[in-house]
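Everything on this sheet refers to the single structure shown next.
The values are calculated or read from the model by the stated rules, or taken from the named source; none is laboratory data. What you see is a predicted model; the values in this text were computed from it and never measured. Because the Cβ atoms are built from the backbone with ideal geometry, glycine has one as well, and the counts that use them run over all protein chains shown. Surface accessibility is based on the protein's heavy atoms, side chains included, excluding ligands, DNA and RNA. Shrake-Rupley method; radii C 1.70, N 1.55, O 1.52, S 1.80 Å.
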Amino acid sequence: QAQLAESGGGLVQPGGSLRLSCAGSGFTLEYNTIGWFRQAPGKEREVVACISSSDSSTYYADSVKGRFTISKDNAKNTVYLQMNRLKHEDTAVYCCGADVAGMGISITTGEYDYWGQGTQVTVSS
């Protein structure tokens, strides 16, 4: 069955970097729009970035634009989120999702069919 698994989270100081991975099994990520979402304590889940299945177009939330980069390696069936110059405000549980019908950018949670378990990212000094 289709599954997603995140990895790469952890504790990092402000200004540091982390690379998150979203590995798919049971289906091919290349044919899905893949999104990264996060949820911080006391806040609603918000989109961070997504990459389309059609032409690999990308979307970034204003809060992470210029600091985060989403990419994919079709041979490894994995989508990555490179996070640089991390801030305290980036602390959250990060999840990846797959929109199996998506051909373009999907930025709302209702469009996604499969979700990973999430990985904790903590930015603290």
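Summary table
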{"quantity": "Hits in segment 104-125 - residues which are within 17 Å of residue 54 (Cα to Cα) and either among the hydrophobic types (A, V, I, L, M, F, W, C) or crowded, with 18+ Cβ neighbours inside 10 Å (or both)", "calculated": "105, 106, 107, 112"}
{"quantity": "Members of segment 109-125 that are among the hydroxyl-bearing types (Ser, Thr, Tyr) and out of contact with any strand residue (DSSP E or B) (no Cβ under 8 Å at 6 or more places or on another chain)", "calculated": "125"}
{"quantity": "Count - residues of segment 31-56 that are in a strand (DSSP E or B) and of a type in the set (Lys, Arg)", "calculated": "1"}
{"quantity": "Tally, over segment 1-15, of residues that are modelled with pLDDT of 95 or more, surrounded by fewer than 14 Cβ atoms within 10 Å (Cβ to Cβ), out of contact with any Lys or Arg (no Cβ under 7 Å at 6 or more places or on another chain) and not in a strand (DSSP E or B)", "calculated": "1"}
{"quantity": "From the options 30, 46, residue that is surrounded by 13 or more Cβ atoms within 10 Å (Cβ to Cβ), of a type in the set (Asp, Glu) and over 15 Å from residue 104 (Cα atoms)", "calculated": "46"}
{"quantity": "Test for residue 77: is it open to solvent by 20 Å² or more (accessible area, probe 1.4 Å) and either under 12 Å from the mean Cα position of the chain (by Cα) or within 15 Å of residue 28 (Cα to Cα) (or both)", "calculated": "yes"}
{"quantity": "Selected residue (criterion: farthest from residue 89 (Cα to Cα)) from residues of segment 49-62 that are open to solvent by 60 Å² or more (accessible area, probe 1.4 Å) and among the polar types (S, T, N, Q)", "calculated": "54"}
{"quantity": "Hey, residue 69 of a type in the set (S, T, N, Q), farther than 13 Å from residue 20 by Cα and open to solvent by 40 Å² or more (accessible area, probe 1.4 Å) or not", "calculated": "no"}
{"quantity": "Answer from 44, 30, 89 - the residue that is more than 12 Å from the chain's Cα centre (by Cα) and under 17 Å from residue 4 (Cβ atoms)", "calculated": "30"}
{"quantity": "Qualifying position, being under 11 Å from residue 34 (Cα atoms), modelled with pLDDT of 95 or more and either in a helix (DSSP H, G or I) or of a type outside the set (A, V, I, L, M) (or both), among 97, 104", "calculated": "97"}
